[in-house]
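The values are calculated or read from the model by the stated rules, or taken from the named source; none is laboratory data. Every value quoted in this text rests on a predicted model; they were computed, and no experiment measured them. Cβ: placed from backbone, ideal geometry, glycine included. Neighbour counts: every protein chain shown.
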Amino acid sequence: MKSMISLNCKSNLLLKSLNVFSKRSYNTLDAWSNIPEHIKVKQGRRLFLQNGHPLCSLRELLQQQFKEKPINIVAKESPAVSTITNFDSLGIPKTHVSRSKSDTYYVNKDTCLRTHTSAHQLEEFQNLAESKMSKKGFLITADVYRRDEVDASHYPIFHQMEGAYLWDRNDKGSMLRDLESVKLDNNLQKLVIDEATLENHDDLQEVYSSKETELASIHLKNSLTLTIHNLVLMTPDSGLDKSQVRYRWTYDSFPFTQPSFQLEILWKGAWLEILGCGVVRENILTHAGIQNHVGWAFGIGLERLAMILYGIPDIRLFWTTDDRFRQQFTPNNITTFQPYSKYPLCYKDISFWIDESFTANDFFEIIRDVCKDLVESVDLIDQYTTKAGKTSLCYRVNYRSMEKSLKNEDVDLLQDNLRKAMASSLNIQLR
Ligand code: PHE
């Protein structure tokens with residue numbers, strides 16, 4: 001999954017003292033601080049808690065799928081977490097790209113905006129341990145933040161749901177019973193392609209027997225296939241032949257699960273990635289104070305799934321305050337988005353010389369800051385390097401409002417402001 005923190009990692013750098021982020025550090029800015037205004041103004045909108053909003057309905061519908069399970073259901077507040085929580089607690093190596101300033105928003109060197117809900121795994125596992133395992137898992141929903149490109153499926157704030165479920169290794173019976181309860185019927189089984197069965201996997205966690213890993217993996221895959229399929233069955237039939245839907249499991253890799261998998265869905269003829277998951281690394285559990293347990297975790301991007309199920313074509317729509325969007329939806333229902341109008345596109349090209357300090361994400365941040373949600377996408381349309389080694393880039397900035405027709409002079413002004421902001425804050429030379 002492109003947007004996921006995905007890598008092969010053997011190091012398990014779990015630090016004991018997982019501090020919660022402290023107010024003092026939030027106020028201390030340093031060379032790492034890079035949270036722009038456009039993020040600050042959207043922080044706190046909590047779309048996933050707004051009754052009737054598709055992200056809220058999707059959260060509710062997903063939660064309902066897990067209602068039989070003894071789990072904690074949590075909505076996380078402040079997105080500022082320590083880098084230890086977001087990265088180290090999960091074994092993400094110090095050198096991993098997701099830690100760079102160009103990929104992550106930093107409050108300061110030690111505090112970032114969480115880049116995934118996995119940041120809260122350890123804390124929630126600790127809560128299970130403290131409750132003496134009276135609950136077996138959790139579902140966390142939160143806003144997460146990543147610096148990224150500008151297009152219809154990327155937005156610097158989005159939402160994830162993280163789930164986990166554990167069994168006591170001494171209680172084999174409960175695992176087998178749970179497996180029975182997520183058996184797929186023959187019809188659903190026919191829609192599933194499993195390219196990630198364990199017989200060819202030569203790098204399983206040694207602490208667990210291959211049988212335990214296999215049972216946990218099957219329970220994981222079946223639970224999630226059922227969950228997603230139940231949501232698919234709730235979507236309106238318009239334009240979709242549900243018998244054509246397929247689910248495909250492939251291997252993935254995350255430092256905090258082993259083995260790791262990805263689920264894709266064949267939807268209207270295209271394979272789309274919808275979630276990442278795997279068998280939780282045992283050392284994360286023992287660090288949380290949970291001994292002798294085995295289980296799984298998953299993380300799912302709510303926008304991505306909502307765009308599929310509700311037919312929402314552009315991720316910016318989730319943030320619109322236009323009633324024509326909001327009033328289409330009723331709580332805890334999946335209906336197909338009715339486009340109210342598509343306003344004309346207007347594009348402007350921008351060319352500039354760069355040096356080695358240039359990163360595209362810095363440029364995209366300036367666009368988001370200056371043009372807000374009026375830019376639909378940005379494409380690199382030309383790039384060349386002179387004999388003397390100077391590189392020039394040309395980007396096409398596609399302007400389109402979701403709410404009104406943009407006037408030429410509005411776009412000219414935006415482009416002009418964009419050029420000024422680039423000249424003053426990037427090491428580039430406009431052409
Ligand atoms: N945190 C991962 C991501 O956002 C998803 C994930 C969650 C994978 C839990 C495995 C287990 O990319």
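Of note:
- Which listed residue is within 21 Å of D30 (Cβ to Cβ) and surrounded by fewer than 21 Cβ atoms within 10 Å (Cβ to Cβ), from T95, T85: T95
- Scanning region 241-265 for residues that are aromatic (F, W, Y) and either on the phi > 0 side of the Ramachandran plot or within 9 Å of the ligand (Cβ to nearest atom) (or both) turns up F254, F256, F261.
- Pair list, Cβ under 8 Å, 6 or more apart: region 284-297 residue more than 17 Å from G91 (Cβ to Cβ), other residue of a type in the set (V, I, T) and within 11 Å of the ligand (Cβ to nearest atom): V294/V279; V294/V280
- With respect to the conditions (1) more than 30 Å from L49 (Cβ to Cβ); (2) within 15 Å of the ligand (Cβ to nearest atom); (3) outside any helix (DSSP H, G or I), S217 lacks only one, and its number is (3).
- A count restricted to region 140-179 and to residues that are within 12 Å of the ligand (Cβ to nearest atom) and either outside any loop (DSSP other than H, G, I, E, B) or in contact with a Gly (Cβ under 6 Å, 6 or more places away or on another chain) (or both) stands at 12.
- Residue count, region 129-139 (criterion: away from the ligand (no atom under 15 Å from the Cβ) and among the aliphatic types (A, V, I, L, M)): 2
- Test: residue in region 399-406 that is at pLDDT 95 or above, over 19 Å from A360 (Cβ atoms) and over 32 Å from the mean Cα position of the chain (by Cα): no
- Qualifying residue in region 112-128 (condition: of a type outside the set (G, A, S), away from the ligand (no atom under 16 Å from the Cβ), over 19 Å from the mean Cα position of the chain (by Cα) and assigned to a loop (DSSP other than H, G, I, E, B)): no
- When residues in region 266-282 are screened for being closer than 30 Å to N292 by Cβ and within 13 Å of the ligand (Cβ to nearest atom), 7 of them pass.
- Scope region 116-156; condition buried (at least 20 other Cβ atoms within 10 Å of the Cβ) and without any contact (Cβ under 8 Å) to a residue 60 or more places away in the chain; matching residues: A119, H120, E124
- Residue match in region 49-72 (condition: among the aliphatic types (A, V, I, L, M), within 28 Å of Q126 (Cβ to Cβ), modelled with pLDDT of 95 or more and not in a helix (DSSP H, G or I)): yes
- Some residue of region 336-348 being surrounded by 15 or more Cβ atoms within 10 Å (Cβ to Cβ) and under 23 Å from the mean Cα position of the chain (by Cα): yes
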